[in-house]
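Note sheet for the following structure.
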Amino acid sequence: MIKTPFVAMWGILLTGIMLTLLAVMTALYQPWFGLTLALDKQHIVVDTINMPLRGVQQGQIVQSIASADGRNRIELVEQDVMEDPDQLETYPQSKQFFSRQDYLAGVLRQRQISMQFANGNSIVLDVKPRRPVNSLPMVFWVQILVGLSSFLIGGWVWGMSRKRYTTLILFIAGCCIMAAAFSAAIYSTRILALPAPLFELLSNLNHTGAALFGIVLVLLFSNYPTARLLPPRLQLLFVVGTFCWWLCDMFKVFFSGPPIGAFVPLLIALSIILLLSWWQYRKTKYDPVAQAALRWFGLSLMLGAGIPVLLVSMPNLLDIDAAMSQGYAFLFFLLIYVGVVQGVARYRLFELESWIFRILFYLLGAFLLVLLDALLVMVLSPLMSLSLAILICGLVWLPVRGWLQARLLQRKKLSDSELFERILQVSFAVNEQERQLQWKALLNDLFQPLNLEIGEQETHSQIEDNGLVLYIPQVAGLAAMRLSYPQQGRRLFSEYDQQLIQNLLPFLAQAVESRVAYDNGVREERHRIARDLHDDLGAKLLSGLYQKDVDQAKQAIRQAIAEMRTIVNGLLGTGVELNVILQEFEQEVATRLQSCGIELNWQQKLGNAHITLSYAQYRHYISMLREIISNIMKYANAQRVIIDISLVDSQLVSVICDDGNGFDGQTGQSEGNGLKNLRERATELSATLHFQSLPEAKGSRIELIFPL
């Protein structure tokens, strides 16, 4: 009992390696006389020479072989080096072929053989019981790779999900491909001959694997991915009919030859599979995942079966030379198998459309290139025609390909300008709730999902559930979203959709953050205006309140009105001379303190320095000084105020001392709007603000330092 997928997968891997070693060892244990033969224009010629042989050249025509003493000579015919006996038309020809193979194998079992060439020369060759590994051609390893890959892929998929009958059927199909590919690899790359019993066994194993492959795929698509399409009796009838056809082929009765006995049932099975897959596609019109899986299979079947049938099977049926070696044709059956496995395992189905377009594009481009080259070769030299054909395809076909891709693959229904406008609508929504609604509306117009809901927190966009679901992460305060069944369930999410979202999110985040920053700026500006009104207008109105003379009160009110005008219009002004500022401020402070009976001692040590403050510096600096004077007037009960302003190391140092109650600015004391505004303005000025209570001298000392 296999308990875990890990054990199953390791068992499958070891089994596959052992079967591969068995196939390779069977291929190696053949008589070896140092060269290989091939068919060239109805002549058997020396193909490759793997050891130094005198008097033997590549391409030399071989006429016969015999024992070293000249006995048992047999003339070689083109069927002797035939890749596959299935190319013979009739079963009597097959029997004669296997008989000749057995006779040739008997000759090769001797220690030495004599090979005679068409030019009359002959050579005696030493025969070794085993061929070297490097004598196995590439086509052998291709078939071994196909068989082993099919076995491992099917086995691993089954090992990961052993409870699904579909994965078991796939594993059986993989075993069938391995049987057909391994057996064909051995007999199609033989040196010259194999013993008849071994050759017939390998040939029958090849036929059996191909027949079983067709049976299991028909059974698979009769029941997958929807409910059963064919009733059990019809499925059983197909299995029994294929089995009877296989028996007739094994015993070589009723049919004329291998083309009918071996190839026709495979073509019938592939036709039924194609019909069933189309029928399943119609049945799954409300299941985009199942349809995508069937499209994967349809693409692989079109390429994997269509090309070998055209290049191998049809030529055999029409009695013409095959355009491709049967060994390489196994690669296309691997393509079919991988497509079926990918559909059943439902791996990255959302990439199907881009893969279809790329494959068809390259195939059509290659076809156009060959066709154009063939047309041009009639009027130009071959080299020039190929160069011109490549140039024409590059200049014409590549732009057409880009245009087709833009029209066929891209799903975005909104133009770039519309998309830009919609993102701005999201960012300029009046509040977060409205912004979320606008974002949902944009996603709905882009993808038309059946379900659009708030999802779990994700770090980046990703596709889940075989393309049914697209997760969009949280961005700029907008909740993470979960979209499912795009285009009202008629398709899957693709990499293009994911890339579109990944491109939109940074732009949306920047737009929303800019809008939020704008709103914050508006709020900060309102707060600044309120603070200026409090510090500046409040100070002047307070000064007018303490004036006993009506004219002085009116003057204070006029100053307040002028200050308000400065606040409104000053943002558009230029820098202000520090000396002018301090001169006006000195008069203002003197008037205010005089109204309260407070003496002012003004000390200014700037020398001849020409210092200009920006409007922001001016507002913050003067407002802080005014707020300090206002606090002294309201709370200090002072009789004297000293203001000392100096320039020290490119820093403006302002010290205000009074002889009142004293204040050290500790947070434990009550802190109103005035003190809070002082600290905020100091931060904006990059200034330092120190409060110090003077218990001995009585009063307080406030020091304001900011860099110019």
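Numbers below:
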item	result
Computed FRET value (nearest 0.05) for Ile561 with Ser650, which takes r as the C-beta separation and R₀ as 35 Å	0.45
Amide H contacts of Gln63 (H built 1.01 Å from N, under 5 Å, at least 5 apart or other chain)	Gln116, Phe117, Ala118
Least to most buried among Tyr471, Tyr224 (fewest other Cβ within 10 Å first)	Tyr471, Tyr224
Cα gyration tensor shape for segment 416-519, rounded if a/c is under 1.5, else prolate or oblate	prolate
Built amide H within the under 5 Å cut-off of Glu458, gap 5+	Gln474
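Just so you know, all these numbers are worked out from the coordinates, no wet-lab data involved. What you are looking at is a predicted structure, and each value in this text was computed from that prediction instead of being measured. Positions of Cβ are backbone-derived with ideal geometry, glycine not excepted, and every protein chain shown enters the neighbour counts.
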